[in-house]
Every structure is written in structure tokens, then in C-alpha cells.
Amino acid sequence: MSLTVSEVKDCAHLARLGIEERDVGSYAKDLSGMLDLMTQMSDLDTDGVEPMAHPMDQVQRLRADVVTEQVDREKFQAIAPQVEAGLYLVPKVIE
Amino acid sequence: MYNKTIAELAKGLRSGEFSSVELTSAFLDRIKQHRSLNAYITVTEDLALQQAKAADLRLATGEAELLTGIPMAQKDIFCTEGVKTSCGSKMLDNFIAPYNATVVAKFNDAGAVMLGKLNMDEFAMGSSNETSYYGSVKNPWDTHTVPGGSSGGSAAAVAARLAVCATGTDTGGSIRQPAALCGITGLKPTYGRVSRYGMIAYASSLDQGGPMTRSAEDSAIMLQTMAGFDDKDSTSVDLPVPDYRAGLSNSLEGLKIGLPKEFFGEGLNSDVAATIEAAIDECRKLGATVTEISMPSLKLAIPAYYVIAPAECSANLSRFDGVRFGYRCENPADLTDLYTRSRGEGFGKEVKRRILMGTYALSAGYYDAYYIKAQKIRRLISEDFKRALSEVDVMMGPVTPSTAFGIGEKIGNPIEMYLSDIYTIAINLAGVPAMSVPAGFAKGLPVGLQIIGNYFAEDKLLNIAHQYQQVTDWHLRIPKGFE
């Protein structure tokens with residue numbers, strides 16, 4: 001099975017992942033190789049098998065609804081690329 | 001003194017033979033001397049000396065723990081407050097973590113000294129440490145070969161005595177494979193045993209942190225500090241932590257070892273196979289019995305893993321958006337351009353490959369065929385393990401099909417690189433613990449024996465590894481040039 005150049009571009013768009021035009025072909029080739037590997041999975045009959053999402057089949061734990069964390073905005077924003085007046089700055093979204 | 005174990009160093013620190021400051025300085029000197037290995041991304045010299053001074057004070061008051069004053073290092077995937085935490089990526093090259101991972105906090109509480117942050121494959125995606133933004137790490141046994149990955153910096157640093165011990169993380173073999181290729185002892189605990197809080201996520205249902213040390217006893221000491229329930233990790237398992245050193249001296253008389261025949265088939269290098277067989281013979285001499293077993297679903301572990309891990313990675317790595325922290329591209333035209341270019345410029349090729357694969361496997365129309373199918377196979381693999389481990393106490397086999405390969409040898413062929421994880425990946429899918437123990441050499445390069453146990457049977461694995469290390473000296477060997 002192979003992945004086309006346009007499918008690679010679609011996935012890159014979905015993931016908001018910039019890839020260089022000159023690299024698209026090599027990604028298509030590598031991903032097609034991975035898909036070949038994955039198609040081996042169809043050799044195994046898995047009808048009636050329950051999908052396994054967690055090694056211990058553990059469910060998410062609940063905790064009491066109490067405040068345990070204090071957000072230190074200044075500390076966290078100190079590592080942000082661009083901040084002003086306590087707000088994260090991004091390019092203008094609404095004209 | 002850099003050849004001593006944690007227990008020996010702890011004794012020396014208490015008897016006044018040397019101070020933690022002296023010990024730490026000796027390691028910092030060695031790190032400088034062997035910078036060409038590229039094992040460290042960041043050396044935290046000032047912090048280390050500060051922690052060493054504090055440790056000496058604590059030792060003087062008699063309130064010290066075994067790890068107090070011991071110079072160790074953290075894989076650069078663990079967040080360390082106030083210290084760069086890069087995860088081997090350009091994306092986080094400017095990231096100064098604002099908090100400590102639980103594992104880091106636990107070592108701090110124990111009074112351990114952090115020498116620095118260790119090199120690794122970018123976001124832990126790789127088997128050779130060649131995907132790191134900071135360049136390849138060299139294997140101290142042969143500097144033309146890779147140390148393995150993704151915890152390659154950890155393995156190289158411990159093997160070269162640039163740290164007494166180190167942390168690693170293992171998603172598909174990333175502790176055990178580099179441990180095997182560098183001739184050290186690496187333990188991947190049961191999923192949920194060690195907190196993942198502050199450990200930068202790659203594939204959350206597979207990732208697990210663990211100790212990388214020279215001996216099994218050191219591994220037990222480190223795990224004692226690392227293990228335990230953590231409220232901050234929703235997948236942490238709430239079970240008591242046993243005393244991992246208590247059972248180290250137990251006899252192996254009557255131990256039942258299973259050898260999965262799938263681990264000894266085609267593709268296994270004959271020198272590695274001979275070394276592993278000799279190691280198993282050694283266990284027989286210690287009183288163990290050996291039977292062949294079968295794990296029929298094992299052959300599908302690699303395909304299932306390369307659906308599940310990239311799928312989880314594509315979701316986890318969506319947080320790197322150039323807005324709140326990490327790399328941001330220059331002059332973004334609009335918000336989409338900001339996301340797309342920041343991610344495009346910040347991530348390396350292997351990470352992009354896995355994000356793309358994961359996005360594809362999770363996209364509409366393919367979700368059932370790939371993702372759900374892989375999760376069903378994961379269940380079958382885990383049932384294989386449960387069945388096998390109800391018949392035998394542990395399983396043994398090789399960690400890797402060959403010894404360390406050359407730098408540059410496989411990086412151009414990702415599929416070939418993935419296939420080299422054949423013996424480690426299934427363990428993560430099942431979630432059971434496994435160890436790599438130095439078992440000898442093939443043509444001058446280290447070989448690792450893998451010991452796989454039942455859920456939460458880390459004490460059993462450590463016991464076997466320790467007993468094996470009482471009758472062998474492979475774990476004591478030092479690479480040439482690092483004596």
C-alpha cells in the first residue's frame with residue numbers, strides 16, 4: 001500500500017505541520033513503507049477482541065473537586081515567546 | 001572513585017573517605033574530559049556543587065539517605081525547574097522548565113546531586129540517538145557506533161563513568177536497547193509504577209521511566225526512590241512499593257525461565273545468540289530450569305506499535321504550537337502560519353514522520369482499520385504475555401538482534417531502524433517490566449540479556465540480575481580509554 005504526495009500534504013495540513021515541498025516525496029516513501037508494515041496486521045483475525053487502550057485496563061481515577069494547584073501566570077508566561085499585559089500574543093485573528 | 005557502586009559510595013561519604021563536593025567535582029572533570037562523547041546536553045555545574053554542599057551538610061547530621069550526595073544525571077525528557085529541558089529538540093531548545101517532574105523532585109528529596117541533562121533522540125523517537133537536535137552520542141565501547149536510543153546519552157554516560165547512574169525512559173525499548181548496546185543495567189518498570197508527571201510525553205500509554213545503572217543493586221536503589229503512586233499522574237498505579245533490595249540475595253533454585261522461541265529465530269545475529277545462550281546456561285547453574293515457550297502474536301508487535309505510538313504522539317505533540325512556550329517562527333503571517341511554521345521548523349524529520357503517520361492512522365476512514373485494529377492486537381499480545389507468565393516465572397532472550405551499529409548506518413532507512421526494536425516493543429504494549437543485563441561481548445561490543453517478568457515483579461527481575469552479577473563480571477567491565 002502506498003501513500004500519495006497529496007495524502008501526505010493532507011495529513012501535514014491536519015497536523016498543522018509545515019513540511020518542505022522538496023521533502024514531500026521522501027515522506028510519502030517512508031510512510032508507504034510504514035503502511036506496508038501495518039498491513040501485516042490484517043493477517044490476524046481479531047473479530048470479537050476488545051481493543052486495549054491501557055496496559056492495566058485501568059480507568060481514569062476520580063479525585064475530590066478541590067483546588068490543588070495555583071496558577072502562577074507570571075512564572076509560566078516568562079517562558080512564552082510573546083506576552084503583553086498578561087496575555088499571550090499571536091498574529092491578528094479577526095480583521 | 002568513579003568505579004564504585006552507589007552502596008560503596010554511600011559508605012565512603014559516611015566514613016569521610018571523600019565528600020560529595022569532591023565526588024561531584026571528580027565527575028564534573030570527567031564530563032569535561034570526555035565531552036566528545038556528546039552524552040550531555042546541559043551540564044549543571046553550579047547547581048551540582050550547590051547540591052553537593054547541601055548533601056555534605058545532610059551527611060554530617062546523619063539524616064542522609066543512600067542517594068544523598070551521589071552524582072547522577074537526568075535524561076533531558078524530565079522537567080527540571082529553572083534548567084533547560086530540551087527533550088532533544090529544537091522545539092524546546094529555549095524551554096526552561098517552570099516545575100520539576102515528580103521523579104526529579106524525588107531525587108532532590110533524597111539529596112542526590114544532578115550533574116546535568118542527558119542527550120536523547122528527539123522527543124524519545126529513535127533507536128540510535130541520531131535524531132537529537134544536539135547531534136549523535138558516541139558509544140564509549142566504539143566511538144564509531146551508536147549508543148542506542150532513545151536514552152543514548154544516559155547509557156553512554158553511565159558506561160563511561162560520567163555519572164554514577166542516570167534516569168531513562170522506555171516507550172518501545174528506549175531504556176533496555178541503549179543499556180544493552182552500552183553494556184549497562186537498564187530496567188523498564190511496569191507501566192504505572194513510576195510517575196510520568198513532568199516527563200515529556202511521547203506515547204502516554206507506553207511511556208515509562210526507569211533506572212540506568214551499572215549494577216542490579218544500584219538499579220534497586222534508584223527504583224526505590226523513583227517508584228510509587230503519584231496523584232499528579234492519572235495513570236499512576238496505587239500499590240505499595242516493596243523493598244527492592246530485600247530480595248536481592250534470594251537463591252534462583254527452582255526458578256522457571258521461559259525462552260520465547262520467537263526471540264531466537266531468523267534475524268538474530270549468531271554471536272549475540274551464542275552470548276545469550278551462555279548467559280542462560282549461567283542461570284541454569286544457579287538452579288533455574290529452562291523451557292521453550294511460544295508467543296504467537298509477537299510478530300505483529302512492530303506493526304501495532306507503529307500505529308499506536310505515532311497516534312498518541314500526534315495527539316501529545318499538538319501542544320507545541322509556538323504560543324505558550326517553546327520555539328516560535330519569525331514573522332508569522334497569520335495564526336495558521338504561526339502554528340505550521342513553528343512546528344515545521346521546530347521538529348526534526350523523525351518526529352514529523354511519526355506525527356504524519358499518527359495523523360493518518362487517526363483520520364476519518366482509517367481509524368478502525370489501523371488504530372482500533374492495532375489496539376485489538378495489543379490485547380492479543382498482552383494475553384500472550386499473561387499466558388506465558390502463568391507457566392514460567394520470567395522470560396529471557398536477547399534485547400537486540402545485533403550489537404551496536406555504526407553511526408549513519410541505519411538513519412537513512414527508518415523501517416530498518418524500527419525493525420531493530422523487535423525484542424523490546426511487545427513488552428511496552430503488554431505493560432510488563434523488563435531488564436537489560438550485561439551478558440558479555442560479541443566481537444568486542446556489549447550484549448544485553450533481557451529478563452521479562454510479570455506485572456509489578458521488578459523485585460524478581462532485580463533478584464535474578466543481581467544473582468547473575470554475583471557470578472559474572474560483565475557489568476564491571478570498563479570501555480577502553482575510560483578506566
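One residue alone among B:SER342, B:SER382 is surrounded by 19 or more Cβ atoms within 10 Å (Cβ to Cβ), within 7 Å of chain A (Cβ to nearest Cβ) and in a helix (DSSP H, G or I), and that residue is B:SER382. Taking B:ALA304, is it in a helix (DSSP H, G or I), in contact (Cβ under 8 Å) with a residue 40 or more places away in the chain and more than 7 Å from chain A (Cβ to nearest Cβ)? When the stated conditions are applied, B:ALA304 does not pass them. Please enumerate the residues belonging to the range A:1-60 that are of a type in the set (A, V, I, L, M, F, W, C), part of a helix (DSSP H, G or I) and open to solvent by 40 Å² or more (accessible area, probe 1.4 Å). Result: A:VAL5, A:LEU14.
Scanning the range B:327-336 for residues that are open to solvent by less than 40 Å² (accessible area, probe 1.4 Å) and under 16 Å from A:ILE19 (Cβ atoms) yields a single hit, B:CYS329. Considering (1) open to solvent by less than 20 Å² (accessible area, probe 1.4 Å); (2) modelled with pLDDT of 95 or more; (3) of a type in the set (Phe, Trp, Tyr), the lone condition that B:PHE456 does not fulfil carries the number (1).
Among the residues here, B:LEU268 qualifies as within 28 Å of B:GLY444 (Cα to Cα) and assigned to a loop (DSSP other than H, G, I, E, B). Based on what the data block shows, is B:ILE425 at the interface with another protein chain (Cβ under 7 Å from one of its Cβ atoms) and either free of Cβ contacts under 8 Å to residues at least 40 places away in the same chain or under 30 Å from B:ALA273 (Cβ atoms) (or both)? Against the criterion (at the interface with another protein chain (Cβ under 7 Å from one of its Cβ atoms) and either free of Cβ contacts under 8 Å to residues at least 40 places away in the same chain or under 30 Å from B:ALA273 (Cβ atoms) (or both)), B:ILE425 does not qualify.
Scanning the range B:132-158 for residues that are outside any loop (DSSP other than H, G, I, E, B) and within 23 Å of B:GLY209 (Cβ to Cβ) yields B:ASN139, B:GLY152, B:GLY153, B:SER154, B:ALA155, B:ALA156, B:ALA157, B:VAL158.
Here B:LYS352 fits the description: within 8 Å of chain A (Cβ to nearest Cβ) and among the basic types (Lys, Arg).
Across the range B:385-424, the number of residues qualifying as crowded, with 21+ Cβ neighbours inside 10 Å and charged (D, E, K, R) comes to 1. Of all the listed residues (B:GLU253, B:GLU217, B:GLU266, B:GLU277), the sole one being open to solvent by 10 Å² or more (accessible area, probe 1.4 Å) and in contact with a Gly (Cβ under 8 Å, 6 or more places away or on another chain) is B:GLU253. Among the residues here, B:LYS188 does not qualify as open to solvent by 10 Å² or more (accessible area, probe 1.4 Å) and among the basic types (Lys, Arg). Return a yes/no flag: does the range B:96-116 have any residue that is among the charged types (D, E, K, R), open to solvent by 10 Å² or more (accessible area, probe 1.4 Å) and farther than 22 Å from B:ASP233 by Cβ. No, the range B:96-116 contains no residue that is among the charged types (D, E, K, R), open to solvent by 10 Å² or more (accessible area, probe 1.4 Å) and farther than 22 Å from B:ASP233 by Cβ.
The values are calculated or read from the model by the stated rules, or taken from the named source; none is laboratory data. Please read all numbers here as calculations on a predicted model, not as lab measurements. Because the Cβ atoms are built from the backbone with ideal geometry, glycine has one as well, and the counts that use them run over all protein chains shown. Protein only, heavy atoms only, side chains kept; ligands, DNA and RNA dropped before computing areas. Shrake-Rupley method; radii C 1.70, N 1.55, O 1.52, S 1.80 Å.
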